[in-house]
Amino acid sequence: MKTKLFTILILILISQSCSFSVSPEKYFGKVALNTNLLGGFGKQDFENYMNAKSQKALYIKLENDEYDMQGMLVPHLTTYIIPNIEKSINEIKDLKVTASTEAMINASLNLHEFTLDKYKTEYVKIAELIDNKASKTEIHQEIIRFEQSYLDEFWDLHTNLMDIAIPYAKDNGIEVSRF
């Protein structure tokens with residue numbers, strides 16, 4: 001009986017340890033490639049959002065986990081974009097930290113968490129101006145203020161991540177094209 005129980009425990013441990021194995025491609029994809037979704041940070045994002053708003057092509061998440069298209073930016077950010085960034089952060093946090101991935105994971109989390117904070121605060125403020133039809137001058141001034149305040153830090157965090165992630169990719173035989 002003890003041998004049978006011991007064998008079952010060993011099999012469970014082996015299956016669990018195999019499930020924790022993550023390929024270098026998955027690490028790189030989760031922590032580095034997914035940052036492409038953040039690449040429009042600042043003016044480019046707002047130009048894209050205003051264009052989508054004019055076409056009523058902004059998504060909102062409904063209570064039943066379905067999505068609807070409409071023309072308001074704040075609900076788009078709070079029900080669609082921000083939850084997607086939070087999901088990315090959770091997926092990165094779920095990755096097993098190893099000696100070769102720790103710096104890359106931490107750099108990615110720093111970038112994602114910085115971006116999430118700015119979306120929850122600054123992006124929503126500017127989105128409210130857009131939704132409330134503030135003057136183009138006021139909106140433009142707020143976007144300039146935002147970029148002057150946060151764009152350099154965003155790109156510093158992004159560059160730091162890429163300085164770690166690209167050598168990791170090359171060391172693991174992952175073909176990397178220019179970001």
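The values are calculated or read from the model by the stated rules, or taken from the named source; none is laboratory data. On a predicted model such as this, the values are computed, not experimentally measured, just so you know. Heads up, the Cβs are rebuilt from the backbone with ideal geometry, glycines too, and the neighbour counts pull from every protein chain shown.
A few points about this structure:
- Only one entry of Lys96, Lys53 meets the criterion of being in contact (Cβ under 8 Å) with a residue 40 or more places away in the chain and either surrounded by 12 or more Cβ atoms within 10 Å (Cβ to Cβ) or in contact with a helix residue (DSSP H, G or I) (Cβ under 8 Å, 6 or more places away or on another chain) (or both), and that entry is Lys53.
- Any chance Glu147 is in contact (Cβ under 8 Å) with a residue 24 or more places away in the chain and within 19 Å of Asn51 (Cβ to Cβ): yes
- Residue among Ser177, Ser108 that alone is of a type in the set (S, T, N, Q) and surrounded by fewer than 16 Cβ atoms within 10 Å (Cβ to Cβ): Ser177
- Any hit, region 58-72, residues being more than 18 Å from His158 (Cβ to Cβ) and modelled with pLDDT of 90 or more: yes
- Annotation: of all residues in region 64-75 being in a helix (DSSP H, G or I) and in contact (Cβ under 8 Å) with a residue 40 or more places away in the chain, the one that is nearest to Ser54 (Cα to Cα) is Leu73.
- Extreme residue, nearest to Gly39 (Cα to Cα), among residues of region 127-148 that are surrounded by fewer than 12 Cβ atoms within 10 Å (Cβ to Cβ) and polar (S, T, N, Q): Gln148
- Flag if Ser177 is small (Gly, Ala, Ser) and more than 21 Å from the chain's Cα centre (by Cα): no
- Top-ranked residue of region 112-126 - restricted to ones that are β-branched (Val, Ile, Thr) and buried (at least 19 other Cβ atoms within 10 Å of the Cβ), ranked as farthest from Ser88 (Cα to Cα): Ile126
- Region 53-83: number of residues that are aliphatic (A, V, I, L, M) and under 20 Å from the mean Cα position of the chain (by Cα): 7
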